[in-house]
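In what follows, a single structure is set out as structure tokens and then discussed.
The values are calculated or read from the model by the stated rules, or taken from the named source; none is laboratory data. Everything numeric here is computed off the predicted structure, so don't read it as measured data. Cβ sites come from the backbone with ideal geometry, for glycine too, and all protein chains shown count toward neighbours.
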Amino acid sequence: MLPTTNQQAANMNMAPDVFFKTADMWYRSFRNSTIYGQLRIIAAVLFGFVVLFFLLGGGGGGGGSAPQTGSHYMQHRGVEDRASEGLMEATEILQSRNPPSVSTPLPSMLYIVALVALGGLAFAAWLAAWVLGKDEGDEKMKQVSDAIREGASGFLSTQYASIFKLAVVVLVGIFLMYLVREPPKNLPQVASSRLALCVAVSFATGCVLSGIAGYVGMWVAVRSNVRVASAACRSFQEAIAVGLRAGAFSGVLVVSMVLLGIIALLFGVRLVVPAALHQLPFLLVGYGFGASFVALFAQLGGGIYTKAADVGADMVGKVEADIPEDDPRNPAVIADLVGDNVGDCAGRGADLFESIAGEILAAMILGGSLSQQLPADARSGYVLFPLAIHAMDIVVSGIGIMMTEAPQTRGIKAIDPMEVLKSGYKVSVGLAAVGIIVLCRLLLHTEEHPAAWMHFSVCGLVGLGTAFLFILVTQYYTDFNFPPVRQIAQASLTGHGTNVIAGMSVGMQATAAPAAIISVALLCSYKTGMAALGGTASAGLFGTAVATMGMLSTVVFVLAMDVFGPITDNAGGIVEMSEQPESVRNITDSLDAVGNTTKAITKGFSVGSASLACFLLFSAFLDEVSELAGQRIDAVDISVPEVFLGGIAGATLVFYFSGQCMTAVGSAAQEVVNNVRTQFRERPGIMDGSQKPDYASCVTIVTKAALREMVAPGIVATTVPLCVGFFFRLASSGNDRLIGAKAIASFLMFATSTGVLFAIFLNTAGGAWDNAKKYIEQGVHGGKGSAAHKAAVTGDTVGDPSKDTAGPSLHVLIKLLSTITLVCSPLFVA
């Protein structure tokens, strides 16, 4: 354990008081925020939906209205579909089934997972109290921290107000779309009004929880940065512990909230729809879509903000004025530090929330489908396995986080912070491997297939190994202890252009290893899953789902390392602006360099999990379309012109969307550059300290620009897939009533494969450029202020929007495409 002084021991004894004071302070600030008002509006809209639901007759028995709706729909469709053998066969099968009963209690495992998730919230509260109980440093540190805190809170409140307004519009659209659609053929006794209510409520729940996860994570981060800076004044060991535990708060909070949100919906949906356990995940698809919707705009707005401020500060401050990074004379420095929180903390929190939510639901859907081939006593385990894995994640990652300590006996130069973090991660990985095997035996064992659980254990271990390999590969390409980053630094000696060329080449080459890892993991898990239950394709798909869960089985620790990055970056800025000794800045610089690597690792991790998750969601989309149409889609033939054109549209969207993100950053950064130049020109005393820069003007410029520029890419991402599928449905459905759905299936395949590779390129190149600059700043090739350093700064400004705006937004985009097409699948079936 870390050595503590008497003052620190007193702070630890005061932890309960600090927690309650912190909770009260957060509640009061939340009540006064714009987000609170927006949540009240959403609650009012949901109440209106409930009233409309009962007025439409949804409050009565579920069996009365649905058959009439379906009968009227089929009479209207009449001539075209009367001869459909697949539909007739499906109808006969459904007529022979007994409707599910809600009297059957949900499995006890669900209650265990809920208890673990509640324990996770308690652990997150303890982490927050422990971190916030630390000393805030001197008055100069507090002044800088207060400015960051004020800017981040103001931007996030305004941003989420805009997001929730858009979400209300989408919420109404989803409710109306499901209100007029034919009830699903696997739930013929369910009225359309009940189905619409379930999807609308799940969408709203996903939106609200995703927003809360991002906001609360940012709230703690902006109060942790000054405490890390203060800890760095005392010791390297304490600084790394405070930074990691502050990041761990977000990781534990996000996973716990995802689990509790899904569990609450599982209980709530059963009150509205008389569905069996394996059918419930189909009714929660809106949860993943809502989380993705908020995450897209949160990541876009936060990414535009942070990189516009960063690029503007670097171009004028470092290159033109020749002043150090985070120098208090730079008018854009506060906006830059605010951006670290709204982009990397709040944006990434919402991003990981929607990733986990979408992947859990997709795995539950596949598990529910597969469970119908198994005995009744074994079915619930296949549905609840994804929830159990993430409950285990909270436990094993929590243990790893608490066991992460820097050695006490060595100096700072003898300690590699990345190795310290990896030592704790290895503990979590080892415990997760044991936990996966245990959970597979408990939940996936059947008497008819006694070896199935062992096959699925192998799938989970493949996924866990994939996550670890992703971390090693990303570290190799983005850490300056390895050749790729040093090659970029070497190229900086010959100028700006060669630096950019070297960085692009590293990013392009870095796509090969992750693509190979994903391919091998996907194929191995699919084949192993098939072998588990006698070669069935559904078992193979579930094998890939187990691999995805294995990859995400340590996501709490990975997210902790990710948020560790912006917190330590902010700490370095606070140390610089408060004019602390050089020895303190050396500590924060070493942590900041590792933070860049951990952020790149999380982005690579997110891309890898997204690729596996999109494969699961793609399968769920085909199942949903088959249910709607009454005929099975077994393959998507890209030799059909409409299908091929749909794929081209998907690949094009990835590049067009990325271009919009880069343009948004460039436009906002130009405004920052002009403002900073004007201040240097009109206030010449800034450079000698006789005049103070106007930090607020840069914060205002970036806030307005980010909120303005995030709208267009978000609208394109959400409307293009719907327009493409609906267009082909209208234009070509005369020959094939499923042509719209098939075109969208091709759209998803091309967009996912292109998006994964392009995101890896952007993330890796950006991280490598950034660390090449930091490598030179350590004194290599002339050090700070040299020609090589200025070339490296140019490369870093190119990499900033790549790794922190376009790349992370692509993670959300490829998953949003899968969830939005799944939710809106009725639009694509004629």
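Only residues that are outside any loop (DSSP other than H, G, I, E, B) and either β-branched (Val, Ile, Thr) or in contact with a Leu (Cβ under 7 Å, 6 or more places away or on another chain) (or both) were counted in segment 422-454, giving 11.
Which ones in segment 237-251 are over 30 Å from ALA388 (Cα atoms) and either surrounded by fewer than 24 Cβ atoms within 10 Å (Cβ to Cβ) or under 23 Å from the mean Cα position of the chain (by Cα) (or both)? Within segment 237-251, GLN237, GLU238 qualify. For the structure I just gave you, tell me whether ALA308 is under 30 Å from ARG683 (Cα atoms), touching a helix residue (DSSP H, G or I) at 6+ places or on another chain (Cβ under 7 Å), crowded, with 24+ Cβ neighbours inside 10 Å and modelled with pLDDT of 85 or more. When the stated conditions are applied, ALA308 passes them. Has segment 331-349 got any residue that is over 27 Å from the mean Cα position of the chain (by Cα), outside any helix (DSSP H, G or I) and buried (at least 24 other Cβ atoms within 10 Å of the Cβ)? Checked against the condition, which is being over 27 Å from the mean Cα position of the chain (by Cα), outside any helix (DSSP H, G or I) and buried (at least 24 other Cβ atoms within 10 Å of the Cβ), segment 331-349 yields at least one hit. Summed over segment 707-717, residues that are of a type outside the set (A, V, I, L, M, F, W, C) and closer than 15 Å to LYS165 by Cα total 2. For the structure I just gave you, tell me whether VAL222 is under 17 Å from the mean Cα position of the chain (by Cα), surrounded by 24 or more Cβ atoms within 10 Å (Cβ to Cβ) and within 30 Å of PRO713 (Cβ to Cβ). So VAL222 fails the test. When we screen VAL254, VAL269 for residues that are buried (at least 21 other Cβ atoms within 10 Å of the Cβ), in contact with a helix residue (DSSP H, G or I) (Cβ under 8 Å, 6 or more places away or on another chain) and closer than 16 Å to LEU209 by Cα, the only hit is VAL254. Looking for something touching a residue at least 12 places away in the same chain (Cβ under 8 Å) and surrounded by fewer than 24 Cβ atoms within 10 Å (Cβ to Cβ) - is there at least one such residue anywhere in segment 283-294? The answer is no, given that none of the residues of segment 283-294 is touching a residue at least 12 places away in the same chain (Cβ under 8 Å) and surrounded by fewer than 24 Cβ atoms within 10 Å (Cβ to Cβ). Considering GLY714, GLY734, GLY725, which residue is surrounded by 19 or more Cβ atoms within 10 Å (Cβ to Cβ) and farther than 18 Å from VAL294 by Cα? Going through GLY714, GLY734, GLY725 in turn, the sole match is GLY725.
Can ASP322 be described as in contact (Cβ under 8 Å) with a residue 12 or more places away in the chain, at positive phi and surrounded by fewer than 22 Cβ atoms within 10 Å (Cβ to Cβ)? When the stated conditions are applied, ASP322 passes them.
For segment 298-334, a residue qualifies if it is touching a Pro at 6+ places or on another chain (Cβ under 9 Å) and either within 30 Å of CYS198 (Cα to Cα) or basic (Lys, Arg) (or both), and the qualifying residues are GLN299, LEU300, LYS307, LYS318, ARG329. Of all residues in segment 495-523, those satisfying the criterion of being free of Cβ contacts under 8 Å to residues at least 60 places away in the same chain and of a type outside the set (A, V, I, L, M, F, W, C) are GLY497, SER505, GLN509, SER519. For segment 663-678, residues that are under 23 Å from the mean Cα position of the chain (by Cα) and surrounded by 19 or more Cβ atoms within 10 Å (Cβ to Cβ) total 2.
Assessment of segment 724-738 against the conditions (in contact (Cβ under 8 Å) with a residue 40 or more places away in the chain, part of a loop (DSSP other than H, G, I, E, B) and of a type in the set (S, T, N, Q)) yields at least one matching residue.
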